[in-house]
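Here is the structure we will look at, set down as structure tokens.
The values are calculated or read from the model by the stated rules, or taken from the named source; none is laboratory data. These numbers come from a predicted model, not from an experiment. All Cβ positions, glycine included, derive from the backbone under ideal geometry; neighbour counts span all protein chains shown.
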């Protein structure tokens, strides 16, 4: 295939149909985070723009007639915030040695530590070739923009292994995901757990539902602007307690509510008719993605109920294969979420720096594998039930 590589600074420079044909072809399970609507909402709302340190530099693969044959969502960044694959130590070491780490190129979904395709190509005869062209296009953009590096985070293991053969450094980490063993009900899931873990979950749910609160799940047209007003208050409250200024602004939530409401599951909690907390989830073709949580009133076990158990119930009802509960959280293990390896690729333009980081990553990957094996040995499931997650 004769191909042309170029970069665009805004999603307004490509049609939504062209983008989505690459991002979510019929052969792959739908992923809402790489959809044009989600990424465009981040840009249009001002949540992910040059002003916030996410300058669009999306790599576009076209044939010689100008038809789009692949895309790579990518951003030029002067910082490492909102990524969840931490390279602050790399930046400090490189700059201490006299280098300039920023700007760098980040191929990811801003503020979203969820695994999904990054080399986005439509159904075609040779997708691997197009993915490699996109990867080379990212390296070319790095050189053209005088960036130090390219970082492709939370991509599928198959792409990590295949593309990683072309001079990329491989990195791993751990999340905790719930896996649906064809459960018909939440009680089926409970029955698969060890007695102690099962009793603990039953106790936590009883406590959460014993506060006199109303808990409901909303999707599609049932989600109104008043719900978003309330949820944004919860989101701001969590942000102020945990990491300072939240990444997403109020307009972003309105935009996804207008464009992809059917991809959203919002857990909302009320006391005496007043909304006091909520959890945002995104619905994929085979996965429910837990994203944000917040509350202005706090009750024992409510976080576990809203973020973990409501998500599991919804996934069982919808027949979804898994729930991704976001970054961090070994405490999720006791609640049926198992360790799962996540993958990222890194290209460092300075070969001396690359060699040093490669040595570090070799040891880090070994440590991650050992930790996951240890965590898997503490599975909450009865022997021979569930799986190791990784």
*Go through (1) at pLDDT below 95; (2) touching a strand residue (DSSP E or B) at 6+ places or on another chain (Cβ under 9 Å) and name the single condition residue 165 misses.*
(2)
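Would it be correct to say that residue 29 is at pLDDT 95 or above, crowded, with 19+ Cβ neighbours inside 10 Å and under 18 Å from the mean Cα position of the chain (by Cα)?
no
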*So is residue 262 touching a strand residue (DSSP E or B) at 6+ places or on another chain (Cβ under 7 Å), surrounded by fewer than 16 Cβ atoms within 10 Å (Cβ to Cβ) and either outside the structural domain of residue 229 (by TED's automatic domain parsing) or under 24 Å from residue 44 (Cα atoms) (or both) or not?*
yes
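Just for segment 203-231: of the residues that are part of a helix (DSSP H, G or I) and touching a helix residue (DSSP H, G or I) at 6+ places or on another chain (Cβ under 7 Å), which one is nearest to residue 312 (Cα to Cα)?
First, the residues of segment 203-231 that are part of a helix (DSSP H, G or I): 203-208, 220-222, 225-231.
Narrowing the set further to residues that are touching a helix residue (DSSP H, G or I) at 6+ places or on another chain (Cβ under 7 Å) leaves 204-205, 208, 220-221, 225, 228, 231.
Working: 204: 14, 205: 13, 208: 15, 220: 19, 221: 22, 225: 26, 228: 23, 231: 21 Å.
The qualifying residue nearest to residue 312 (Cα to Cα) is 205.
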*asked:* Among the residues that make up segment 46-66, is at least one of them in contact with a helix residue (DSSP H, G or I) (Cβ under 6 Å, 6 or more places away or on another chain), modelled with pLDDT under 95 and either surrounded by 15 or more Cβ atoms within 10 Å (Cβ to Cβ) or assigned to a helix (DSSP H, G or I) (or both)?
replied: no
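Any residue in segment 357-369 that is assigned to a strand (DSSP E or B) and surrounded by fewer than 16 Cβ atoms within 10 Å (Cβ to Cβ)? Steps first, answer last, please.
Within segment 357-369, the subset assigned to a strand (DSSP E or B) is none.
No, every residue in segment 357-369 fails to be assigned to a strand (DSSP E or B) and surrounded by fewer than 16 Cβ atoms within 10 Å (Cβ to Cβ).
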*Evaluate segment 222-235: report whether one residue or more is in contact with a strand residue (DSSP E or B) (Cβ under 9 Å, 6 or more places away or on another chain), under 30 Å from residue 103 (Cβ atoms), buried (at least 17 other Cβ atoms within 10 Å of the Cβ) and in the same structural domain as residue 304 (by TED's automatic domain parsing).*
yes
_So for segment 266-289 (the condition being part of a helix (DSSP H, G or I) and not assigned by TED's automatic domain parsing to the domain that holds residue 40), does at least one residue qualify?_
no
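Does residue 214 satisfy the criteria of being closer than 18 Å to residue 294 by Cα, modelled with pLDDT of 95 or more and in contact with a strand residue (DSSP E or B) (Cβ under 7 Å, 6 or more places away or on another chain)? Spell out the reasoning first.
Working: closer than 18 Å to residue 294 by Cα: yes; modelled with pLDDT of 95 or more: yes; in contact with a strand residue (DSSP E or B) (Cβ under 7 Å, 6 or more places away or on another chain): yes.
Against the criterion (closer than 18 Å to residue 294 by Cα, modelled with pLDDT of 95 or more and in contact with a strand residue (DSSP E or B) (Cβ under 7 Å, 6 or more places away or on another chain)), residue 214 qualifies.
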*Can you tell me which residue within segment 88-108, out of those that are touching a strand residue (DSSP E or B) at 6+ places or on another chain (Cβ under 9 Å) and in a loop (DSSP other than H, G, I, E, B), is surrounded by the most Cβ atoms within 10 Å (Cβ to Cβ)?*
108
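Within segment 317-326, identify whether any single residue is closer than 30 Å to residue 149 by Cβ, at pLDDT 95 or above and surrounded by 18 or more Cβ atoms within 10 Å (Cβ to Cβ), and answer yes or no.
Yes, that holds for at least one residue.
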_Is it the case, given these coordinates, that residue 362 is under 24 Å from residue 163 (Cα atoms) and more than 22 Å from the chain's Cα centre (by Cα)?_
yes
_Among the numbered criteria (1) out of contact with any strand residue (DSSP E or B) (no Cβ under 7 Å at 6 or more places or on another chain); (2) in a helix (DSSP H, G or I), which one does residue 137 miss?_
(1)
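Mind checking which residues of segment 166-221 are within 30 Å of residue 90 (Cα to Cα) and in contact (Cβ under 8 Å) with a residue 40 or more places away in the chain?
Once the filter is applied, which keeps residues that are within 30 Å of residue 90 (Cα to Cα) and in contact (Cβ under 8 Å) with a residue 40 or more places away in the chain, segment 166-221 yields 167, 168, 169, 170, 171, 172, 173, 174, 175, 176, 177.
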